[in-house]
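Okay, structure first, notes after.
A short reminder: the numbers here are calculations on the coordinates, not readings from a lab. In this text, all values refer to a predicted model and were calculated from it rather than measured experimentally. Reconstructed Cβ throughout: ideal geometry from the backbone, glycine too, with neighbour counts over all protein chains shown.
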Amino acid sequence: MILSSQAAAALARIARASGVRAEPQTLIPAEIVLELSGEAVRSRLCIFTDASGKEHCLRPDLTTPIAQMVASGALPVARYHESGPVYRLPPRGSDEPVEHLQLGFEWFGNAGSAAEDAEALTVALESAQAGGVRAAQVHFGDVAIYHAVLAALPLSDQWRDRLRRAFSRRKGPRELLADAGSRAANTTGLAARIGAMAPAEAEAAVVSELAGLGVEAVARSAKDIADRLREKASEQAPDAASAAAIVDYLGITAPVGECVSALRGFAKMAGLDISGALDVFEERLALIAKLKPPFWSNAEFSAESGRRFEYYDGFVFELGRADALDRPIVSGGRYDGLISRLSGGAHTASAIGAALRADRLVEGARA
Amino acid sequence: MSTLKLAIPSKGRLKEQAEEFFANAGFRIEALGGSRGYFARIPTLPDVEVRLLSASEIASSVIAGDVHVGVSGEDLLREQAGDLDRVVHLLAPLGFGRADLVVAAPKSWLDVETMADVDDVAARMEASTGRKMRVATKYVRSTRRFFTAEGVGHYRIVESAGATEGAPAAGVAELVVDITTTGATLESNGLKILRDGVILRSQAQLAASLGADWSAGSLQSLGKLARGIGGGEVLAAARFEGFVAAVTKPQG
């Protein structure tokens, strides 16, 4: 693919800091993308089924195939840059192209750091500038602070897990909390009765109940069902103060210069010790300030940044025109958990990356 | 084109019920070219060309605008177009072909009664086995939309060609999304419908295509049809007026 001069300039800036060029496959197993992002993305994928019924898809981004290569050991843990076409079916009524050119980088390592976050952001923003972007705004966040808020609140393990996975879903944490009351009232007589028993007794009760129904245990053991009935019976919905703290946190937005005090103020008001996550956040901002990346002076913090991506688990950022925030030119962030997930826990690596849309560099170049 | 193209089911119970419904409204349908022909006519509506198609073909033809109006199940229409209301108007529910599209889980899952339980168990299965919960269905898009709206992730769809209700017992899926009238087939396969697992209460609909080639003549024929089947009810007629407004608005 021939790069425009803008795209070539952007890629040159990326390449200076980003090791060797990775050449991921164009056609990848659909399984990888679906496992990672869920069935909800299926309608956007270009999927092919082979004679054996196995599904393949055109890569919807470059991060997924490169991360897969690192997770499988085909590529060593290192810094990579990339450019090439990616493919997403547009929703009906959208004039987005199916194919667009993506530029970017993925830095894998043994330990991510605030310094690496600051460097990655700077490379991404400078490459957009090198690609001709003039008027654009940065939105950023930190998914790790959300996780720290959940960890600091007196929540049951089930609710902490639910709220964590709801972050990237359309039915998000707020909607989940609004439903919490009806969920608590859900347990029927049988479930409550078995749920109150000791483990062995509960399992025996499930076995006898299934015998009474005349059904066999399908896909899950009697023990698993008994364990979960016990969990359900002892489950506590988030208390009003915890629910309010989560909703308050997600509502935080602030200009870059005021966001640390906004977050510290929130922690103090809510009585939460999230100082570990906030210290990292503050250190990162100090390091970014020293590097003076373009577009940063009017950056805006939003606690909900990163909700559109399932795999980000730390610093996240986007650059877009202020009048088209749903069409980012640059998206990036930290995804330290991804290699472990893709390899089934066999490998771990810290990771941060960013992607630029070459077709949107032109929009960003307009005043 | 002044002819109105109307598609009705070509076989089975749905065909009989559709013919009976139209006959009761004063629109007796006469097959052309013998009982196995693919075209028919309505003597009382000479400007209507009747096509006999499968219910699934009718849904896609109405969505694509190949016919002006058709009789098909709402389940099929919604499965074939995620944004159905932008391309098709449902003019009148016809009161037959009733079936529910539901989510069903193994009866042995005593702890699972709601979609929220499904999400918890799916996350739990993935954490302990590394594999996502599998959902067998022919209704891929409807399933995806419903699960997203209900906040369920961590699942994979296994597309089923038939006998979906047997998938859990056969070990190829854990959950089933399928159409049911009485629930008896699900029940006899050891499955239970989740309390909030009704995706759609479907029935046959008179569905009009926004994308078809409409003329004053074809709209007039549709009006006669809508008023006729509306009978004493104003519902179909009122929706017809809304539909006329939608297809005759100036193109932007």
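Explain nothing, just the number: relative contact order of chain A, from Cα pairs under 8 Å at least 6 residues apart, as a whole percent.
Values: 631 pairs, mean separation 96.5, N = 367.
It comes to 26 percent, rounded to a whole number.
Can you list residues whose amide H is under 5 Å from B:V48's amide H, if they're 5+ apart or on another chain and H is modeled 1.01 Å from N?
So B:V48 has HN proximity to B:L4, B:I42.
When the Karplus curve 6.51 cos²θ - 1.76 cosθ + 1.60 is applied with θ = phi - 60°, which whole-Hz ³J(HN,Hα) does each residue of segment B:215-227 get, with x for Gly and Pro?
10, 4, x, 5, 5, 5, 5, 4, x, 4, 4, 5, 5
Take A:C259, A:C46 and order them by how many other Cβ atoms sit within 10 Å, fewest up front.
A:C46, A:C259
Kindly provide the helix-only [θ] at 222 nm of chain A, computed as the sum of -39,500 (n - 2.57) over DSSP H runs of four or more divided by all residues, to the nearest 500 deg cm²/dmol?
Result for chain A, helices only: -13500 deg cm²/dmol.
How many percent of DSSP beta bridges within the protein assembly as shown run antiparallel, rounded to 5?
75 percent
Rounded, prolate or oblate, given the Cα gyration tensor of segment B:99-202, with a/c below 1.5 counting as rounded?
rounded
Express as a percent, rounded to the nearest 5, the fraction of DSSP beta bridges in segment B:99-202 (both residues included) that run antiparallel.
The antiparallel proportion sits near 60 percent.
For segment A:128-257, build the convex hull from the C-alpha positions and give me its volume per residue in Å³.
Spread over its residues, the Cα hull of segment A:128-257 gives 174 Å³ apiece.
Binning at 5 angstrom from zero up to the longest distance, how are the C-alpha pair distances of chain B distributed in percent?
Calculated P(r), rounded to whole percents: 1, 6, 13, 16, 16, 12, 10, 9, 8, 5, 3, 1, 0, 0.
At 1.306 mPa s and 10 °C, plugging the Kirkwood radius over alpha-carbon pairs of the protein assembly as shown into Stokes-Einstein gives what diffusion coefficient in µm²/s?
58 µm²/s
Report the relative contact order of segment B:99-202, percent, no decimals, based on alpha-carbon pairs under 8 angstrom and at least 6 residues apart.
Result for segment B:99-202 is 47 percent.
Once you put a point 7 Å from the Cα of A:A74 and another 7 Å from the Cα of A:A115, both along the Cβ direction, what distance in nm separates them?
Those two pseudo-labels are separated by 3.3 nm.
For B:L191, enumerate residues with amide H under 5 Å from its amide H, sequence gap 5+ or separate chain, H modeled in the peptide plane.
Amide H neighbours of B:L191: B:K107.
Give the separation of the Cα centroids, segment A:345-367 to segment A:274-313, in Å.
About 16 Å separates the Cα centre of segment A:345-367 from the one of segment A:274-313.
To make sure I understand, if each residue's beta carbon is the centre and we count other beta carbons within 10 Å, what order do B:S218, A:S350 fall in, fewest to most?
Fewest-to-most Cβ neighbours within 10 Å comes out as A:S350, B:S218.
Among the trypsin sites (Lys or Arg not before Pro) in segment A:37-85, which ones are in a DSSP loop with at most 13 other Cβ atoms within 10 Å of the Cβ? Mind listing them?
Within segment A:37-85, the qualifying trypsin sites (Lys or Arg not before Pro) (loop, at most 13 other Cβ atoms within 10 Å) are A:K54.
Hull surface divided by four, with the convex hull built on the Cα atoms of segment A:181-234: how many nm²?
Computing the convex hull of the Cα atoms and averaging its projections yields 3.7 nm².
In degrees from 0 to 90, rounded to the nearest 10, what is the angle of the helix A:114-130 Cα long axis to the longest principal axis of chain A?
Its long axis makes an angle of about 50 degrees.
For each of A:R366, B:R141, count neighbouring Cβ atoms within 10 Å of the residue's Cβ, then give the residues from fewest to most. Provide the component values of the computation, followed by the final result.
On the way: A:R366 10, B:R141 16.
Lowest to highest Cβ neighbour count: A:R366, B:R141.
Taking every DSSP beta bridge that has both residues in chain B, what percent is antiparallel when rounded to the nearest 5?
Expressed as a percentage, antiparallel bridges in chain B total about 65.
How big is the Kirkwood radius of segment A:46-90, worked out from every pair of different alpha carbons and given in Å to one decimal?
Values: mean 1/r = 0.0817 Å⁻¹.
Computed over Cα pairs of segment A:46-90, the Kirkwood hydrodynamic radius comes out at 12.2 Å.
Based on the inverse mean of 1/r over its pairs of different Cα atoms, what is the Kirkwood hydrodynamic radius of segment A:24-137, in Å?
Across segment A:24-137, the inverse of the average 1/r is 16.1 Å.
Pairing the Cα long axis of helix B:235-248 with the longest principal axis of chain B, what angle in degrees results, from 0 to 90 and rounded to the nearest 10?
The helix B:235-248 is inclined about 80 degrees to chain B.
Could you state the angle between the C-alpha long axis of helix A:143-152 and the longest principal axis of the C-alpha atoms of chain A, as a value from 0 to 90 degrees rounded to the nearest 10?
Relative to chain A, helix A:143-152 is tipped by roughly 30 degrees.
How large is ³J(HN,Hα), in whole Hz, for each residue of segment A:33-43 in order, when computed from phi with the Karplus curve 6.51 cos²θ - 1.76 cosθ + 1.60 and θ = phi - 60°, using x for Gly and Pro?
5, 5, 4, 7, 10, x, 4, 4, 7, 4, 5
For chain A, report the % of Cα-Cα distances exceeding 26 Å.
Counting pairs separated by more than 26 Å, the tail of P(r) holds 58 percent.
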